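The values are calculated or read from the model by the stated rules, or taken from the named source; none is laboratory data. If you're wondering where the values come from, they're calculated on a predicted model, not measured in any experiment. Here the Cβ positions follow ideal geometry from the backbone for every residue, glycine too, while neighbour counts run over all protein chains shown.
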Amino acid sequence: MRQRRVTRILQSEQRLQDRYALSLVLIVACILVFAFAGDGKLGRLIVVSLESVTLIVILRASQAKPRTVRVASLTCVALVFAVALTQTSDGTWAKAAPSILGAALALGAPFVIIRRLLRQPVINLTTVAGALCVYLLAGLFFALVYGTSTVLHDGVFFAQQKGGTGVDFVYFSFVTLTTTGYGDLTAGTDVGRMFAILEALFGQLYLVSVVAVLVANMGRAPLRRSAGLEPTAATPAPTTEGSP
């Protein structure tokens, strides 16, 4: 009985390896929940909880060490409880705390994904899905930053209006990330303008230099492997002169 339980656990762990498609679905869910429910107390708690689950799934999909996953899980649980406590107040920091913590979670996940993608033996759909995860997380991160800036600056962020909803921040973030630039909403503060510039530069360069290159090289080995820069089993690493 115990052996079966261990086998099931191992199988479930293996199914999470490299499953960035599930991560994509969860990230989209985080974006939608923040957009349509992130303005209320319960919505803020749901956003942080969902982002915590997403981070754990990304860690498992990225084959992070078990200790790292445990530490991240405990940290996420602590953050969820902290957000729940802050929502008992209507102060400025109580409103800003969920966005700040959510932005921190959205910022940490891409580093784990990139680390895993660099180790991929072949560029495949998993690699592309992981790269898209980073792209969507960037949009979510900046949306949370814009929301935080609005709360901390007494509702001043957009030049066209005071305040803003979750939909406004998500809309402005992804319009900026994709460098669409409709112009109906623009940043009205210096901090907002600087973050908008950073997001636009990241979005443009990332699509051109990362996603496009990955799609064009589907099925091929990464550049370091194909160029013979990494030693393989068939090609032993060079030895120093004079070694036996």
Subject >> Tabulated pairs, the stretch 57-69, first closer than 18 Å to Leu137 by Cβ, second assigned to a helix (DSSP H, G or I) and among the acidic types (Asp, Glu), C-beta under 8 angstrom, 6+ apart or interchain >> reply: Arg60/Glu13
Original post:
Can you find even one residue in the stretch 125-141 that is more than 20 Å from Val28 (Cβ to Cβ) and out of contact with any strand residue (DSSP E or B) (no Cβ under 7 Å at 6 or more places or on another chain)?
Top reply: no
Original post:
When the residues of the stretch 108-135 are filtered to those that are within 12 Å of Ala64 (Cα to Cα) and within 10 Å of the chain's Cα centre (by Cα), which remaining residue is surrounded by the fewest Cβ atoms within 10 Å (Cβ to Cβ)?
Top reply: Phe111
Original post:
List, please: which pairs have Cβ atoms under 7 Å, are six or more places apart or on different chains, and start with a residue in the stretch 108-125 that is touching a residue at least 40 places away in the same chain (Cβ under 8 Å) and under 14 Å from Val210 (Cα atoms) and end with one that is assigned to a helix (DSSP H, G or I) and of a type in the set (A, V, I, L, M)?
Top reply: Ile113/Ile58; Ile113/Val134; Ile123/Leu214
Subject >> Only one of Val134, Val71, Val167, Val77 that is of a type outside the set (D, E, K, R) and under 24 Å from Gly188 (Cβ atoms) >> reply: Val167
**OP:** Residues being in contact (Cβ under 8 Å) with a residue 40 or more places away in the chain and crowded, with 20+ Cβ neighbours inside 10 Å: count how many of those fall in the stretch 152-168.
**Re:** 1
Original post:
Of the conditions (1) among the polar types (S, T, N, Q); (2) within 29 Å of Cys76 (Cα to Cα); (3) touching a Ser or Thr at 6+ places or on another chain (Cβ under 6 Å), Gln204 fails just one. Which one is it?
Top reply: (2)
Original post:
Any idea which of Ala233, Ala221, Ala237 is modelled with pLDDT under 95, part of a loop (DSSP other than H, G, I, E, B), surrounded by 13 or more Cβ atoms within 10 Å (Cβ to Cβ) and not β-branched (Val, Ile, Thr)?
Top reply: Ala221
